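Peer 1: Can you read through this structure? Questions will come right after.
The values are calculated or read from the model by the stated rules, or taken from the named source; none is laboratory data. Note that the structure is a prediction, hence the values are computed from the model and not measured. FYI the Cβ positions are ideal-geometry reconstructions off the backbone, even for glycines, and counts take in every protein chain you see. Side chains are part of the model used for accessible areas, which takes the heavy atoms of the whole protein and leaves out ligands, DNA and RNA. Shrake-Rupley method; radii C 1.70, N 1.55, O 1.52, S 1.80 Å.
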Amino acid sequence: MDGVILVDGKTFKCPSKLRWKKSDISAKDAGRTDDKTMHKNRIGMSRTLSLGWSNLTKQEIHEILVAFNPEYVNVTYWDPLDGSDTTRSFYTGDMEADVKWWAKGRERYSSLNFDIIERYG
């Protein structure tokens, strides 16, 4: 794979930040019993990738936002738990961008940050 992440097969500017997280999905009957024993009853796992970019041009931020705009996107990345490149279906959380400066011809965003959360666990 050429980039750190691919979105629906497309690559763009490499993220400045990428944080990986795995969450367990437990069954409805999970919890502690009276003897204080935890019954996790894991039925699945879900990944979350926290992504961030710095110092983006108008064109770069536009391309990233368009790539992650669909309700669901297929993202290919190297998963540390799997130990290989993997493709998973994600949806995008809230997006936030900060303007750095806005001088004609030198427009820049200081940051763009959002999480993508795995659709299936």
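Peer 1: Criterion first (over 12 Å from the mean Cα position of the chain (by Cα), of a type in the set (Val, Ile, Thr) and surrounded by 12 or more Cβ atoms within 10 Å (Cβ to Cβ)) does Val75 satisfy it?
Peer 2: Details: over 12 Å from the mean Cα position of the chain (by Cα): no; of a type in the set (Val, Ile, Thr): yes; surrounded by 12 or more Cβ atoms within 10 Å (Cβ to Cβ): yes.
The answer is no for Val75.
Peer 1: On to the next question. Report, by residue number, each residue of the range 105-114 that is open to solvent by 60 Å² or more (accessible area, probe 1.4 Å) and in a strand (DSSP E or B). Write out each step before concluding.
Peer 2: First pass over the range 105-114, keeping only residues open to solvent by 60 Å² or more (accessible area, probe 1.4 Å): 105-106, 108.
Correct list: Arg108 only.
Peer 1: What are the residues in the range 1-60 that are open to solvent by 70 Å² or more (accessible area, probe 1.4 Å) and among the small types (Gly, Ala, Ser), if any?
Peer 2: Ser16
Peer 1: Continuing with this model, one more query. Do any strands (runs of 3 or more DSSP E) lying entirely in the range 9-104 carry at least 1 residues that are free of Cβ contacts under 8 Å to residues at least 40 places away in the same chain and at negative phi, and which ones are they?
Peer 2: Working: elements: 17-26, 42-56, 73-79, 84-92, 96-101.
So the answer is 17-26, 42-56, 84-92, 96-101.
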